[in-house]
Structures are given as C-alpha cells and as structure tokens.
Amino acid sequence: MYTRRLSSLARCCLQARSLPSSVCLRNGVLSAVTGWPRTRSLSRPFSGDNGKPLDTSLFVPVELKPALNPESDIGAELTQPLNKSEVLNILNKFYRRKEIQKLAAENGLDARLFHQAFISFRRCVMENDPLQVDLHIVLNDICCGVGHMDDVFPFFMRHAKQVFPMLDCLDDLRKISDLRLPPNWYPEARAIQRKIIFHAGPTNSGKTYHAIQRYLGAKSGIYCGPLKLLAHEIYKKSNDAGVSCDLITGEELIYVDPEGKPSAHAACTVEMCSVNTPYEVAVIDEIQMIRDPGRGWAWTRALLGICAQEIHLCGEVAAINLVTELMYTTGEEVEVRNYERLTSLKIVDHALQSLDNLRPGDCIVCFNKNDIFSVSRQIETRGLECAVIYGSLPPGTKIAQANKFNDPDDPCKILVATDAIGMGLNLSIRRIIFNSLVKPSINEKGEKEMDTITTSQALQIAGRAGRFSSMFKEGEVTTMLQDDLPLLKEILNKPVHDIQAAGLHPTAEQIEMFAYHLPDATLANLIDIFVSLSQVDGLYFVCNIDDFKFVADMIQHIPLNLRARYVFCTAPINRNLPFVCTSLLKFARQFSRNEPLTFQWVCKHVSWPVSPPKTIKDLMHLEAVHDILDLYLWLSYRFMDMFPDAGLVRSIQRELDTIIQTGVHSITKLIRASEIRTALQIVDEMQKDSASVLDDTQRPGPRRNRTIKSANSDAQKGTLTSKLVQDGLLTPDMLKQLEKEWMSRQHSRGSQAKFNELDILKKNRKKK
C-alpha cells in the first residue's frame, strides 16, 4: 500500500513538471483542452491554408539515438521493475484504441505517421533499460491497475515529436513556405514607381530592336536574356555602339573597365540579373518563358525584383494578361506596344517529301540527335553541304555553324537543326521544314512526354524563316511528310492560349530557415516538404525541382554546409550525361575536403589534351567535356578560392570549342566512321550468335533447348541494336541494310556449309 501511494505521489509530481498543462485526466480518459499545441484540426486534416493536402509520406522519421543508461534505475527504485510482457500488451491495446487514433489525428498524426511513431515508441519502451522515470511510473501504475492506458498518450506524443520534429513547427514551416505574395520579397523594387512597357509581337517584328534602342540610349541599363548567346550578342552590340557594357553569365563575368569597375550597362542571362542595383532601363527578353516549368522562376524574379525606372518586356501576346495582373499586385500599370511581323510567312501547300527537293536557304528542323545525324548524312550523300546546330553544342560552335550557313560565299546552303534555333541566333533561312511535329517535353510533374509541338513553339521556330535582316525577305514553312502538313496548318492557325501562371522557386534563405527547424532532414527532403507545404495563389506555380533533388540525393553523403550544398544543387547540368554527373560529384567531394580544384586536377580529370573526334560518339564525349569545363567556370564564379584557375580552364575550353567545331564541320565523316565501326560490331556480334546457334544445333539434345538458345541470341542482338539506335550510332535504315547484308552472308555461308557436307559424304563413300 505504501509503495502504491508513493507511486501515485511521484507520478503527480513528475507529470506536473514534464507534461503540458493543457492535458487533463478525467476518470482514466485523456482529453485535450484549449491550449494544447495542435498541428492540425479535425475539420481540415493535413491540409494547408489553401486546402492542398499535405503529403505526410515526405515526413522521414528521425533515427533516435539510445539514451545513455544511468547508473541506477530510479523508476524501479520508486516503484518496482516492469514486466515487459505486460507493458507490451498495454502498448498494443493503446495502439488499437479509436479514441487514441482520433486524438493523434487532431495533433498532426495521420494513420501513416501514427503507425510509424508508435512502432518507434514501442521499440524505445521495450529496448531502453532503464526507461525515463516519469514514463516508468505511469506504466507501472497501469500494470498495477491504478492507471489507464490513455495516460501513455502524452509520452507517446513527446516521442512522436522527436521522431517527426516537423510536427512541432508546422505552423512556422507554413509561414516560411507561404509564396502567395512574391512582390513583397523585393522591397527595393517596391520602393520606386516603375514604368512597365510590354513590346508584344511575333518573331521578326522588331519588338526587341525597339527595346534595345531605348536600353542603349539610357544612362544605365541591364539586358536579361534566356541564353548566353543573346547576352553575348547584346554585350557586343553595346560596346560596338560605344556604350560600355559588361557581360554577366553563370560561367563568365567580363568587365569592360580594365580595373574591374562595373559599367553602367550590363548584359546578362536572366538568372544572373541583380535585383539590388538601380538602373534607368531594364530589358527582359522572351518574357513568355515565365511559364517555363524549369526556369520560369528567373523571369518572375526579374519582373518583380529589378530596380529600374523603366522595364521593357519583349515577348508573345499570350503573356500580356498575366503580366498585367502581376503588375496590378505591385500597383504598377503596363503599357502595351503591339508589333506586326516585318516580312511575310507563308505555309506552302506541299511537303518536301524528298531531300532531293532541297533548295538553298532550307532549314530542316528535327527534335532529336538521331534525326539530325541521319538527315545530315543523307543530305551530304546527295553532294550537298549542310550546317548542323543542336542544343548541346558549345556556343562558339553554334555561332560558327550559323556563320557558315549565312555566308553567301560558302558552299553550305542547307541547315539541319533542332529547335535550338528558336531564339538566340540570326539565320538567313528561306524555308523551315519540320522533319517531325512530335517533340519530347517535361511536364509539370517532371515526367517525360512525347507530344505534338504547341502553337507557340511552332510559331517561334517557323518565324525564323524570312527574317527582315536576312537575304530572304519572304519566309516559307512546310513539313517533310505530306501527312504532317494538314496538322502543321492546324497548329499554326490555332490561337495561342494566354499564359496562366508564373514560376517560383524556393530561395536559399527559405531553405535555410526550413533546415533550422528540421536539422536532421536531407536537402532533398527539405525541398519536398517545402513544395508540399507551399501556398501559392492562382497567378503562380512552383517550378519543377527534379534536377535539384537529383543532385541533392547524389551529393547527400558528402559533408557540406547547407549554403554550399544548395549552390551545388542549382548547378546547371544534364543529368542524362553520366560523365558530367560524376564530375559534379568529384567537384563536391574535393570541395568538402577544402582542397582547391586546380587546373592540373581538371586536366587530369578530363584527360586533357583531347584528341579530335573520330566518330559521333567521340564528338558527344567532347561535348560532355565542354559541359564539365562550363560547370567548373560556373562554380568558380561562386567559390573563387576553391576553383581558382578559371582563366586557364576558359582557355582550354576555347581550344576545345575549336576542336568540336572541326568535328562538326566534318560530321558526315564522323557518321560514316561510326557506321563502319557499328557495322563491324554488329556483324561480329551476329557472327558470334550464329556460331553459338550453329554449334548448339550440332549437339545432341532436345530441339526445345536449341530453340531457346536461338531466341536468347535474337534477344541479345535486339538489345545491342536498339541501344545503338538509341545512342544515335545507328539509324533504322542502316539497320535494315546491315540485316540484309548479314542474311546474304549467312545464306552464302549456309550454301558453303552444305557444299562441304556433300564433299565429306563423297569422300566417305570412296573410302568404303
């Protein structure tokens, strides 16, 4: 009796000291009164203020370290040792009680979190010895029949908030991820009354020209473009016009002033624009890219944040309404200036149908490298020379190929290109020919899709024909296949739908605040929780973050501080190129050791000096090397001390650009070399398969096994050839031709084998 009374007294004292005052025990039934810090209410369980369901699968439980065992078990001294079998039975009953599940849901634990938290809590109770004193006393009371199992709930919640620390700070996390008022992020811009001028029109309408003229005439200005090529073009045009202009891209910072003093004018890629420097005029080019799932946030930031008295926007008519609404939230009016196309653009009534019908000034647009290589080879087999432009080529190579095509004295009169020509290059094109109308794209969820091009994309590409400044004053557009022509006409005649929302992206500061509340979460997990909790109104959307998360997961094991980790994750890389991804990983590992990445280290990593490409595969490898050097320069701009040799790396990058240019100039030779090498590989593989099948058929055994062997060899052949087609080293037409040659060879080999068999039979008969 004395022990039980002491137990009750100790329990009351310890609970009064350790539990929330808002928890009441009434006749053995737990209830929560006003004041208990609830994470979620029953009326709207697990949803944000905008009603968006909260994805609790993103809540990764924290692994709790076992408590250090004290020298004595105070709980057992005050009461008695626990019977762990009875405790296990009590905990399982606790888990099954509907009242407990309901109360847990009120405090932020949905069924999934409740289950995970309970499993962790039960393991902690059963494995820790001794238990915390207060928990030991409560469990002893329940075992002795003077307590109720519901008394365990406060201890369970205390443990749950250790396992899922976000439960205790969801309200703070929601405030941090509230993205409903992006204009408030830029107080400097809100402090001035800006004049917004929208130059709207199709390609080749002069809208960008008029904006740039105002930019050149201003006392200070900044140009924000979507591509390095466009920033370079404005940089050169400004300085040629006597207006000192600096160049700022992710990989390059060039001051005109020899002492490094910033000029009054700057040309930059849109991600690099300053939102703190005051300007008289700012030009934001291709404003319709504010809807881009990956990069739209950069245009939103520039539009809302640049401190300029005049902001000139250039882009499609489809962006006018959205920009007007966004500026309404900042209290700024939009002046719209509409432009018409300066030259005519005609959809011809017949498709090209055959490459024999090509004429000077034609540009064939393809949407993948395989088609680029296949078409360019077929063109040159007809005795025509063609230039080639696609997205992964270095800027210098693109410009060199464009100049080759534009030069009236150069025999190259045909261009084969991807939609990389849609912006950033001035080309003298008479006719655009769509090789296909289907293009791979990434949707809002980050998934790859194959779909017909949009009206906006078709107009952007088709509009490159017949430019005002070129030798062709009238442009034409058609398709390669006659069946595609009606669809192209339908696409081009559709109205362009208004852009509905502008992109946003969590900033480094927001993620740092998240990390303060959730110190044990990985960066990828922080981003996921941020997006899940984020609240946006109808004018905005959160940009796709798959590339960011890919890098975050890749470098998670490397010890980096959060800001450095965030910077590495925003590095622009193609995650489909293993060599580039591996390089980023090595850069991060070297950085984490505080070991500078020197020029010698980089040269060793990329095996510099490199050899000129002999095949298409070699060319693609050199393009990847160029991307790695770009990555080094991009990081050197942000970590100058750790990437100290930017100048030397830039010098070998220019040399590499020249090597790649040479390779692209002789791309047909590379394709032929690749074809020969691929053909030899396929023939060798087929010969091996044939020999193994022939050898199997000559062995005794069930015919079923011989069939399986043959089927397996066919499967291996199919795997090899499909991979070669996918890598762009083999086209379907080449594959058919090789198969014919192989079948012919097999037929002649079979005939020879039959002849040898007859010869052997004759010799045997003579011996008999």
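All conditions but one from (1) surrounded by fewer than 17 Cβ atoms within 10 Å (Cβ to Cβ); (2) at pLDDT below 95 apply to R377; the one that does not is (1).
Of everything in the range 194-219 that is hydroxyl-bearing (S, T, Y) and crowded, with 18+ Cβ neighbours inside 10 Å, the residue that is modelled with the highest pLDDT is Y215.
Every residue, every condition in (1) hydrophobic (A, V, I, L, M, F, W, C); (2) in a loop (DSSP other than H, G, I, E, B); (3) modelled with pLDDT of 95 or more; (4) surrounded by 17 or more Cβ atoms within 10 Å (Cβ to Cβ), yes or no:
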{"position": "R301", "(1), (2), (3), (4)": "no, no, yes, yes"}
{"position": "A319", "(1), (2), (3), (4)": "yes, no, yes, yes"}
{"position": "V323", "(1), (2), (3), (4)": "yes, no, yes, yes"}
{"position": "L345", "(1), (2), (3), (4)": "yes, no, no, yes"}
{"position": "N370", "(1), (2), (3), (4)": "no, no, no, yes"}
{"position": "L384", "(1), (2), (3), (4)": "yes, yes, no, yes"}
{"position": "A387", "(1), (2), (3), (4)": "yes, no, no, yes"}
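Which of (1) open to solvent by less than 50 Å² (accessible area, probe 1.4 Å); (2) in contact with a Leu (Cβ under 8 Å, 6 or more places away or on another chain) is the odd one out, the single condition D110 does not satisfy? Just one mismatch for D110, condition (2).
Answer yes or no: is there a residue in the range 396-410 that is touching a Pro at 6+ places or on another chain (Cβ under 7 Å) and charged (D, E, K, R). No, there is no match, as no residue in the range 396-410 is touching a Pro at 6+ places or on another chain (Cβ under 7 Å) and charged (D, E, K, R). In the set (1) modelled with pLDDT of 90 or more; (2) within 26 Å of T208 (Cβ to Cβ), G391 fails one condition alone, (1). For the range 389-432, which residues satisfy the criterion of being touching a strand residue (DSSP E or B) at 6+ places or on another chain (Cβ under 7 Å), in a loop (DSSP other than H, G, I, E, B) and free of Cβ contacts under 8 Å to residues at least 40 places away in the same chain? Matches in the range 389-432: Y390, C412. Screening D356, D349 for residues that are over 29 Å from the mean Cα position of the chain (by Cα) and assigned to a loop (DSSP other than H, G, I, E, B) leaves exactly one candidate, D349.
The residue list E310, E271, E251 contains one member that is in contact with a helix residue (DSSP H, G or I) (Cβ under 6 Å, 6 or more places away or on another chain), under 29 Å from F541 (Cβ atoms) and open to solvent by 30 Å² or more (accessible area, probe 1.4 Å), which is E271.
For every residue, the table says whether it meets (1) surrounded by fewer than 17 Cβ atoms within 10 Å (Cβ to Cβ); (2) in a helix (DSSP H, G or I).
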residue	(1), (2)
V496	yes, no
P506	no, no
I527	no, yes
D537	yes, no
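Any residue at all in the range 666-675 that is touching a Leu at 6+ places or on another chain (Cβ under 8 Å), more than 30 Å from K404 (Cβ to Cβ) and aliphatic (A, V, I, L, M)? Taking every residue of the range 666-675 in turn, none turns out to be touching a Leu at 6+ places or on another chain (Cβ under 8 Å), more than 30 Å from K404 (Cβ to Cβ) and aliphatic (A, V, I, L, M). Taken together, the residues in the range 77-104 that are among the small types (G, A, S) and either over 19 Å from V163 (Cβ atoms) or not in a helix (DSSP H, G or I) (or both) amount to 1. One residue alone among H605, H626 is surrounded by 16 or more Cβ atoms within 10 Å (Cβ to Cβ), in a helix (DSSP H, G or I) and without any contact (Cβ under 8 Å) to a residue 24 or more places away in the chain, and that residue is H605.
The values are calculated or read from the model by the stated rules, or taken from the named source; none is laboratory data. The model shown is predicted, which means the values in this text are computed figures rather than measured ones. Cβ atoms come from the backbone with ideal geometry, glycine included; neighbour counts cover every protein chain shown. The protein model used for the area step is the full one, side chains on, heavy atoms only, and it has no ligands, DNA or RNA in it. Shrake-Rupley method; radii C 1.70, N 1.55, O 1.52, S 1.80 Å.
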